[in-house]
Amino acid sequence: MLKKNIGLISLAFLVFFSESLTAKVFFWDGRDGQRYYSDQDPKGIEANEMPLTGDTFYSVIKVYDGDTVLLGNRLKVRLLSINTPEIERYNKPEEAGGESAREGLIALLGGQKVRLEIDVERQDKYGRTLAHLFTTSGLHLNLEMVKRGWATVSLHPPNLKYSTPMLLAQQWAQSEQIALWGMNEYQPKVIADGLAKRSYGWQRLIGTVRAATLKRKYAYLSIDSGELMIRIPRANLSFFPDVMTYLDKKVEIRGWVSRRGKGRSVLVRHPSALLIR
């Protein structure tokens, strides 16, 4: 039922763009879980008509990893609101599932061109264009990567377009233990175990919030005996419940551990990365 609901909610958000301005295209989800398309209205089936525009489609000439591609116009694009494990590069080993995510994105592209849909912020700090990518067949690649379990949702306000269907897709992929969600490397760990080894990748850590402090730039949540600190940018606090809500609650923190002086911290920008268990 959850899978069906994800598909139905996604229909309300996904928009198909074509180079044709006159043709009509209809789409619907079959009982087998696949999405079907037709230029004829399928009688007797509840189908949706796609609004068509003349927006530009671009060839993808390189897939760096599961969330970064290079377009034919030499534009480097970072798929917005998702994260995939790193592949082997710069003398750093592959993170678990990194190559599978890259191969999965290549398979989803299937040689098709893509159009870009941006959100509030157009570029990241590395100068890459931030965008949701849609293929010529209407597939929302960011969302599909999450559905297939090759990517996790990584929301950075104010870029929250499609956040609802993406979080629902992640919930389903996690419940089914698909791809990354079934790997030992991405199972929740207690703080001590999570910090025992030096790790650069995305993690799921479990602990209890023991203190909350509001300072000039961040709200800080101290986990367990102060082994780990959660930093929430004050500019993002409007997306969270009152931080005091987390006090004495067991939480799951999703993100990257960084070293700050002698301590360790995780930057959390959205409540989807800080779950009360």
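Odds and ends about this structure:
- Residue match in region 29-36 (condition: buried (at least 16 other Cβ atoms within 10 Å of the Cβ) and modelled with pLDDT under 95): yes
- Among the residues of region 77-89, those that are touching a Ser or Thr at 6+ places or on another chain (Cβ under 7 Å) and free of Cβ contacts under 8 Å to residues at least 60 places away in the same chain comprise VAL77, ARG78.
- Yes/no for GLY182 being modelled with pLDDT of 95 or more and in contact with an Asp or Glu (Cβ under 8 Å, 6 or more places away or on another chain): no
- All conditions in (1) within 16 Å of LEU275 (Cβ to Cβ); (2) over 13 Å from the mean Cα position of the chain (by Cα); (3) outside the structural domain of PRO271 (by TED's automatic domain parsing); (4) hydrophobic (A, V, I, L, M, F, W, C) hold for LEU155, with the sole exception of (2).
- Only one of the numbered conditions (1) within 23 Å of the chain's Cα centre (by Cα); (2) surrounded by fewer than 20 Cβ atoms within 10 Å (Cβ to Cβ) is not met by ARG210, and that is (1).
- Flag for GLU99 being part of a loop (DSSP other than H, G, I, E, B), of a type in the set (Asp, Glu) and assigned by TED's automatic domain parsing to the domain that holds GLU144: no
- Checked against the criterion of being of a type outside the set (Lys, Arg), assigned by TED's automatic domain parsing to the domain that holds GLU252 and not in a strand (DSSP E or B), the candidates ALA173, ALA169, ALA192 yield just one match: ALA192.
- Pick from region 195-204, criterion outside any loop (DSSP other than H, G, I, E, B) and modelled with pLDDT under 95, ranking: surrounded by the fewest Cβ atoms within 10 Å (Cβ to Cβ): ALA196
- Selection status of TYR220, aromatic (Phe, Trp, Tyr) and more than 28 Å from PHE134 (Cβ to Cβ): yes
- Considering each residue of region 198-217 in turn, none proves to be in contact with an Asp or Glu (Cβ under 8 Å, 6 or more places away or on another chain), within 27 Å of PHE240 (Cα to Cα), not small (Gly, Ala, Ser) and not assigned by TED's automatic domain parsing to the domain that holds LEU267.
- Apart from one condition, ARG216 fits all of (1) in a loop (DSSP other than H, G, I, E, B); (2) at pLDDT 95 or above; the exception is (2).
The values are calculated or read from the model by the stated rules, or taken from the named source; none is laboratory data. Predicted model, so just to flag it, every value in this text is computed and none were measured. Note that each Cβ is placed from the backbone with ideal geometry, even for glycine, and that neighbours are counted across all protein chains shown.
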